[in-house]
Amino acid sequence: MTATVTTDSRTEKSDRVTSRGTGGARRRLPRIPDRIRQGGLPYLLLLPAVLLELLVHVIPMIIGIVMSFRQLTQFYINNWGGAPWSGFDNYRIAVDVNAPIGEALLHSFFVTCVFTFFAVGLAWLFGVAAAIMLQENFRGRGFLRAIFLVPYALPVYAAVITWAFMFQRDNGLVNHVLHDQLGITDQPSFWLIGDNSIYALIVVSVWKGWPFAFLIVMAGLQNIPRELYEASAIDGAGIWQQIRKITLPALRPVNQVLVLVLFLWTFNDFNTPYVLFGKAAPENADLISIHIYQSSFVTWNFGTGSAMSVLLLLFLLVVTAVYLLITSRGRKGADA
Amino acid sequence: MAAPQSFLWTRRVILTFLAAFALLPVYVMVSSSLKPLQDVSGKFHWIPSGLTVKPYFDIWDTVPLARYFVNSLVVAGTATVLSVIIAVFSAYAVSRYKFRGKRVFTVTVLSTQMFPGILFLLPLFLIFVNIGNSTGIALYGSRGGLILTYLTFSLPFSIWMLIGYFDSIPRDLDEAALVDGCGPLGALFRVVVPAAVPGIVAVAVYAFMTAWGEVLFASVMTNDTTRTLAVGLQGYATQNDVYWNQVMAASLVVSVPIVAGFLLLQRYLVAGLTAGAVK
């Protein structure tokens, strides 16, 4: 954080240098070292992005951290600086698993982990399968590629509302197929309340997420040199062997980034459960972002909500760091 | 290359399944939007019993859909244009210059991707309210506040992708422009930007879709007049009577422009990703 601020203050200082540096280049002076000739130009170019990131991400995050140490309820919302300090109380409340708030948070955390595992796993699997199956050219390939991208292009709220309609108990497609047509269930089931809601959530999340995996893997496949396949074909390798020995290993770096991004998005996802279930998710599908939203904006306990957000961020940081460590070590091992 | 039967069959099965999975909600959306209300309120039927286009006329009266549409268009459009311009400048700086703080900048920008939106929702809300109280600039509840917020959402990914894309454009090109008397900005706009069109289009598509589809901030940061489609569509669903045929018709109406635009530009997106993000 401090480092970013440093960058920012440097920017203003070096503004004046810019014009001089540019003028120098224009008059085609003899070669000057890069650092001098460019002057403050790079900082000037970065200025808008830095200012916006500060305003919308960095400063709010710092305030969020400060708020997590205050007793911030609706009485202080107009003057949040006046809310009394409460030390680590909010954190103590959030992690006290013997009390209702902490217990609910832990439950929500477990639900989110299970949800993320299946949602990311399936989205990744479908995306990779689709991209590999469309790698070779055949009739209808472009058409299928367009179809596969439709869930990615549809706005979340429009698509998820449609899924909510499909999961309706009495007039939805899902029960019509499972109960009326296939006779798998004795009764038409509830999908948006009760125990089944986690399945509904996973299905919608996978539907929404796999086209992104498909897109990234498809882009990754274009970087694999054709000669590898040609050479292996001459050596007598079949298509299954090529997929196993060439395609999948070559995709490893892409997959590593992809899985991390999918994990972060899915773990933080707010839009899908919010549109599918509304402000209060069923207990079985109570994802952490909805849970924090509920704790902050519905029960008006912003201090605890902020503490929960900070804990969530710390968790994501640790997971990301461990993941990067493992995968970079793996890559080094593969290179050696 | 002749593929064995086992591969062809696996491919058929997988692709059929995925195509059906992808299109199932689209079918429901289209078919239900053409059903009369009593049909859509009863048991689901694959084939509509009677076709009607009435829902397509009713959607505009049940909620002020046209206003939401304009709001979404203004917010997403402006956020996209600004975000792309800012990303081009930043990516150019990172790709072409050596300077102190470069690493700090890229790491900080990238790591904001990881923040849960909920963490800065409330503080941002408070900042906007405070700015409004002290300076009179209405950010909370205004389109401007939402534009400001959205344009940073796509910024990290856009900068990251454009850095990769600019890196893949030979430096000789813009250095030649510099030698020929262009300023650095001249080189950027006359040489680098034209060469990076696929990357820039890809970034613009991504930015527009991010803004068009965002729900959380739209539901907290807007009021009756600035509401976007993301919040407006819920208007059909939260009433006692849910007009599902209208919900589906409205969903389709707000989806068609963005899906059509996306499918037209998807080649750019893959090209942009290939050069930029996936190296």
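Structure notes:
- Scanning segment A:186-216 for residues that are out of contact with any Phe, Trp or Tyr (no Cβ under 9 Å at 6 or more places or on another chain) and within 13 Å of chain B (Cβ to nearest Cβ) returns A:P188, A:I216.
- Taken residue by residue, segment B:106-121 has no member that is farther than 30 Å from A:T304 by Cβ, small (G, A, S), part of a helix (DSSP H, G or I) and more than 8 Å from chain A (Cβ to nearest Cβ).
- Answer residue from segment B:22-54, given it is surrounded by 17 or more Cβ atoms within 10 Å (Cβ to Cβ) and farther than 18 Å from B:L252 by Cα and is modelled with the lowest pLDDT among those: B:D39
- Long-range neighbours under 6 Å by Cβ, at least six apart or interchain, first residue within 8 Å of another protein chain (Cβ to nearest Cβ) and among the aliphatic types (A, V, I, L, M) within segment B:209-222, second part of a loop (DSSP other than H, G, I, E, B) and surrounded by fewer than 24 Cβ atoms within 10 Å (Cβ to Cβ): B:L216/A:F270
- Failed criterion for A:Q168 (all others in (1) within 29 Å of A:L276 (Cα to Cα); (2) part of a helix (DSSP H, G or I) hold): (2)
- Filtered residue count, segment B:31-48, keeping only those that are in a helix (DSSP H, G or I), facing chain A (nearest Cβ under 10 Å) and not polar (S, T, N, Q): 2
- Residue check, A:S328 of a type outside the set (D, E, K, R), surrounded by fewer than 16 Cβ atoms within 10 Å (Cβ to Cβ), more than 15 Å from the chain's Cα centre (by Cα) and at negative phi: yes
- Filter pass, A:T320 being over 22 Å from A:M67 (Cβ atoms), at the interface with another protein chain (Cβ under 8 Å from one of its Cβ atoms), assigned to a helix (DSSP H, G or I) and among the polar types (S, T, N, Q): yes
- Top-ranked residue of segment A:93-113 - restricted to ones that are part of a helix (DSSP H, G or I) and exposed (fewer than 14 other Cβ atoms within 10 Å of the Cβ), ranked as modelled with the lowest pLDDT: A:P100
- For segment B:66-87, the count of residues that are closer than 30 Å to A:F267 by Cβ, in a helix (DSSP H, G or I), facing another protein chain (nearest Cβ under 7 Å) and at pLDDT 85 or above is nonzero.
- Top-ranked residue in segment B:251-273 [being more than 7 Å from chain A (Cβ to nearest Cβ) and farther than 21 Å from B:S158 by Cβ; ranked as surrounded by the most Cβ atoms within 10 Å (Cβ to Cβ)]: B:L252
- Matching residues in segment A:230-267 - criterion: being within 8 Å of chain B (Cβ to nearest Cβ) and under 20 Å from B:Q5 (Cα atoms): A:A233, A:G238, A:I239, A:W240
- The residues in segment A:180-225 that are at pLDDT below 90 and among the basic types (K, R) can be counted, and the count is 0.
- If you go through segment A:186-212 and keep only what is in a loop (DSSP other than H, G, I, E, B) and crowded, with 20+ Cβ neighbours inside 10 Å, you end up with A:W191, A:L192.
- Hits in segment B:54-72 (condition: touching a residue at least 40 places away in the same chain (Cβ under 8 Å) and within 17 Å of B:M221 (Cα to Cα)): B:R67, B:Y68, B:F69, B:N71, B:S72
- Tally, over segment A:90-122, of residues that are closer than 13 Å to A:H291 by Cα, among the small types (G, A, S) and in contact (Cβ under 8 Å) with a residue 60 or more places away in the chain: 3
- Residue, farthest from the other protein chains (Cβ to nearest Cβ), within segment A:155-180, restricted to residues that are under 15 Å from B:S41 (Cβ atoms) and of a type outside the set (A, V, I, L, M, F, W, C): A:R169
- Test result for A:G183, more than 9 Å from every other protein chain (Cβ to nearest Cβ) and not in a loop (DSSP other than H, G, I, E, B): no
- A:N137 meets the conditions (1) at pLDDT below 95; (2) out of contact with any Leu (no Cβ under 8 Å at 6 or more places or on another chain); (3) more than 21 Å from A:R226 (Cα to Cα) in every case but one. The failed one is (3).
- B:V13 vs. criteria part of a helix (DSSP H, G or I), within 30 Å of A:N137 (Cα to Cα) and either β-branched (V, I, T) or within 12 Å of chain A (Cβ to nearest Cβ) (or both): yes
- Selected residue (criterion: surrounded by the most Cβ atoms within 10 Å (Cβ to Cβ)) from residues of segment B:122-160 that are more than 10 Å from every other protein chain (Cβ to nearest Cβ) and β-branched (V, I, T): B:I147
- Scanning segment A:122-143 for residues that are closer than 18 Å to A:I243 by Cβ and either touching an Asp or Glu at 6+ places or on another chain (Cβ under 9 Å) or part of a helix (DSSP H, G or I) (or both) returns A:W124, A:L125, A:F126, A:G127, A:V128, A:A129, A:A130, A:A131, A:I132, A:M133, A:R141.
- Beta carbons closer than 7 Å, at least 6 apart along the sequence or on distinct chains, pair a first residue in segment B:163-175 that is over 16 Å from B:P194 (Cβ atoms) with a second that is part of a helix (DSSP H, G or I) for B:I163/B:A91; B:I163/B:V94; B:I163/B:S95; B:G164/B:A275; B:D167/B:S95.
- Criterion (exposed (fewer than 14 other Cβ atoms within 10 Å of the Cβ), within 25 Å of the chain's Cα centre (by Cα) and in a helix (DSSP H, G or I)) met by exactly one of A:L258, A:L215, A:L248, A:L262: A:L248
- Qualifying residue in segment A:83-91 (condition: in a helix (DSSP H, G or I), at negative phi, surrounded by fewer than 17 Cβ atoms within 10 Å (Cβ to Cβ) and of a type outside the set (D, E)): no
- One residue stands out in segment A:125-151 among those that are buried (at least 22 other Cβ atoms within 10 Å of the Cβ) and more than 7 Å from every other protein chain (Cβ to nearest Cβ): the one that is nearest to B:G235 (Cα to Cα), namely A:G127.
The values are calculated or read from the model by the stated rules, or taken from the named source; none is laboratory data. The shown structure was predicted, so the numbers you read here are calculated from the model rather than taken from an experiment. With ideal geometry, Cβ positions are generated from the backbone for all residues, glycine too; neighbour counts draw on all protein chains shown.
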